[in-house]
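Below is one structure; the comments refer to it alone.
The values are calculated or read from the model by the stated rules, or taken from the named source; none is laboratory data. Predicted, not measured: the structure shown is a model, and the values here were computed from it. Please note: Cβ atoms are built from the backbone with ideal geometry, for glycine as well, and neighbour counts cover all protein chains shown. The accessibility values were calculated without ligands, DNA or RNA, using every heavy atom of the protein model including side chains. Shrake-Rupley method; radii C 1.70, N 1.55, O 1.52, S 1.80 Å.
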Amino acid sequence: MPTYMYICSMKTVLLLIGKTANKHFVAGINDYVERIGHYMPFSIVTIPDIKNTKNLSEEQQKAREGELILHQLQPSDTVVLMDEHGTEFRSMEFAEWLQRKQQTARRLVFVIGGPYGFSQAVYQRANEKVSLSRMTFSHQMVRLIFTEQVYRACTIIKGEPYHHE
């Protein structure tokens, strides 16, 4: 990995359930992940989709996914769920929030769940919830929107011209 002057040493992880299916989303996400990498350590961890979900209720599927999510987390992680009931930020506010997290978190883990959301166990483990919008997006599209917003926050923190008020 090339050496960059990171704006922080905090590791940031985006934890996903299931791979991103749309090749256009994949290309966009990969582009933003590469850009974010110039500012801070950032990675995506993908938990494979659960097999044979036809025989599972929504609650059973969320519980299984929840176990897999919790298995990926370290005790010291700051865990932020991307959730429709979370805090909404304007881009400048999100950048300020991210900058504050850089001062306190060693590893910041954002989690985008499966199509039915999160189990109670995952909600209990979470430190915070963030919402990208009051609108509903597919959990696939949220991945692209989220990575763009993290990149935007990085450029705001560095005072670069990507974001315009």
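Report in % the part of the accessible area of the chain that belongs to carbon and sulfur, leaving out ligands and nucleic acids; probe 1.4 Å. List each step's numbers first, then the result.
Details: 4720 of 9550 Å².
In the chain, the share of accessible area belonging to carbon and sulfur is 49 percent.
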Where labels lie 7 Å past Cα in the beta-carbon direction, separation of A63 and V33 in nm: 3.2
0 to 90° range, to nearest 10: angle between helix 58-72 axis and the chain longest Cα axis: 50
Per residue accessible area of the chain, 1.4 Å probe, in Å²: 58
With DNA, RNA and ligands ignored, accessible area of S76 (1.4 Å probe; Å², nearest 10): 60
Contour excess over end-to-end distance, with Cα ends at K19 and R90 and 0.36 nm allotted per residue: 22.8 nm
Chain lengthening between A121 and I145 when straightened (0.36 nm per residue, less Cα-Cα): 6.0 nm
Theoretical FRET efficiency, 1/(1+(r/R0)^6), r = Cβ-Cβ of K158 and T53, R0 41 Å, to 0.05: 0.45
